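The values are calculated or read from the model by the stated rules, or taken from the named source; none is laboratory data. Quick caveat: nothing in here was measured; it's all calculated off a predicted structure. Counting neighbours? That spans all protein chains shown, and the Cβs are built from the backbone with ideal geometry, glycine included. Heads up: the accessible areas ignore ligands, DNA and RNA and are worked out on the full protein's heavy atoms, side chains in. Shrake-Rupley method; radii C 1.70, N 1.55, O 1.52, S 1.80 Å.
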Amino acid sequence: MDAGLNKRQSIGYLDFDDKSGNRINSNTLLEDYYKIIYMEKNGSIIVDFVEYSFTENVLLFFSIGKHFQISKESRGSIIYFNPDFYCIAFHDKELACGGLLFDNVFEMPYLNLSTNLDILFLKLISSIKREINQKDFWAEEMIKTYIKQIIISATRTLIKSNNDSQIISYDKELARKFSQLVELHYRKHHNVSDYANMLNITPKNLNKKIVSEKQVAPSIIIKQRIILQAKRLLANTTLSIKEIADYLGYEDYSYFVRFFKSQTGLPPLSFRNAL
């Protein structure tokens, strides 16, 4: 395992394999990094309390703050970078990957890799590793070019696999933008009407289009995102329940406790103690 991560790095990589005996997790990699993970077949990973196992080589895309643990039997590589090096939000207008590969509140984005795709992405990942080790004047721009190629190729493949077309419909684009906005504002804005206003659409129409596109109501997506962050904080910090409620925008501590229990079946403290 290459463990060359330090807090000053804006771009780096880790290789992991079944011989290291170590589990790679979100504590190993600082939370304020985007991650692109290449995992060989038969690997498994727990992402935000859900376990995924893969029978093919896969490429996964993790937003900042996502919690994960890769099983010690898995093999692969992680490319990590922070927004100072390559900002997904800044490049979104040209790449349209926000809310799809990154900041996707509907699903965990990953690609099953065919032989041709596997060769392509392994080549790009190897090129990034080589440039990181170059550490010369041109390396940074070269790495950004390779990251951009990965994002474009992955976005193109996902869109093709979803609707066999590279033309993004209005409803799909609306869902993508809604996903981005929820990820950005879930701590402050808890109501569908808040997001409808941001998207210049009526709450009724937003509900109709998100349900049609994703088969789930936007109100549920907002609640799920809030609960996910509450679970992350309960599992990975020592913040009190009141501090977590404040962080998530709930001034009424008792209301937050009731809300959490209604969504998970357990009060926050019981959830933490059960981990």
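At a glance:
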read-out: Partner lysines for Lys93 [C-alpha distance under 18 Å; skip if fewer than 8 residues away on the same chain]; value: Lys144, Lys148, Lys172, Lys177
read-out: Radius of gyration and maximum dimension Dmax of the chain, Cα, Å; value: 19.4, 55
read-out: Solvent-accessible surface ranking, highest first, for Cys87, Cys97 at 1.4 angstrom; value: Cys87, Cys97
read-out: Three-way shape label, the range 126-246, alpha-carbon gyration tensor, a/c 1.5; value: oblate
read-out: Radius 14 Å from Cβ of Ala274, net charge of other residues (Lys, Arg +1; Asp, Glu -1); value: +3
read-out: Neighbour net charge for Leu206 - beta-carbon separation under 12 angstrom, K R +1, D E -1; value: +2
read-out: Sites Val216 and Asn133, calculated FRET efficiency, Cβ-Cβ separation with R0 41 Å, nearest 0.05; value: 0.40
read-out: Largest to smallest accessible area among Glu141, Glu40 [probe 1.4 Å]; value: Glu141, Glu40
read-out: Debye-sum result for the range 217-275 in log10 I(q)/I(0), which assumes one identical scatterer on each alpha carbon, at q = 0.26, 0.28, 0.31 Å⁻¹; value: -1.15, -1.32, -1.53
read-out: Label-point separation in nm, Gln69 to Tyr255, each point 7 Å along Cα→Cβ; value: 3.5
read-out: Percent RCO, i.e. relative contact order, over the range 117-260, from Cα pairs under 8 Å lying at least 6 residues apart; value: 15
read-out: Inter-site label distance for Lys93 and Thr55 at 7 Å from Cα along Cβ, in nm; value: 4.5
read-out: By accessible area with a 1.4 Å probe, ligands and nucleic acids excluded, highest first: order of Tyr247, Tyr255, Tyr186; value: Tyr255, Tyr247, Tyr186
read-out: Stretch gain in nm, segment Thr202-Tyr170, where the contour uses 0.36 nm per residue and the Cα spacing is subtracted; value: 10.0 nm
read-out: Estimated dipole of the range 149-275 in Debye, rounded to 20 [Cβ of Lys and Arg +1, of Asp and Glu -1, Cα centre]; value: 220
read-out: Dipole-positive endmost among Phe106, His91, Tyr80 within the range 33-138 (Cβ charges, Cα centre); value: Tyr80
read-out: All aspartates and glutamates inside 14 Å of Lys208 as judged from Cα atoms, apart from same-chain residues fewer than 8 positions distant; value: Asp171
read-out: For q = 0.14 Å⁻¹, Debye-computed log10 I/I(0) when each Cα of the range 1-154 counts as one equal scatterer; value: -0.65
read-out: Calculated [θ] (222 nm, deg cm²/dmol) that DSSP helices of n ≥ 4 give over the chain, each run adding -39,500 (n - 2.57); value: -15500 deg cm²/dmol
read-out: About the Cα centre, charge dipole magnitude for the range 23-108 (Lys/Arg +1, Asp/Glu -1 at Cβ), debye; value: 280
read-out: Global geometry of the range 102-182, whether rounded, prolate or oblate, following the gyration tensor of its Cα atoms and the 1.5 cut on a/c; value: prolate
read-out: Net dipole in debye of the chain [+1 Lys, Arg Cβ; -1 Asp, Glu Cβ; about Cα centre; nearest 20]; value: 480
read-out: Solvent-accessible surface (1.4 angstrom probe) belonging to Met142, in square angstrom, nearest 10; value: 80
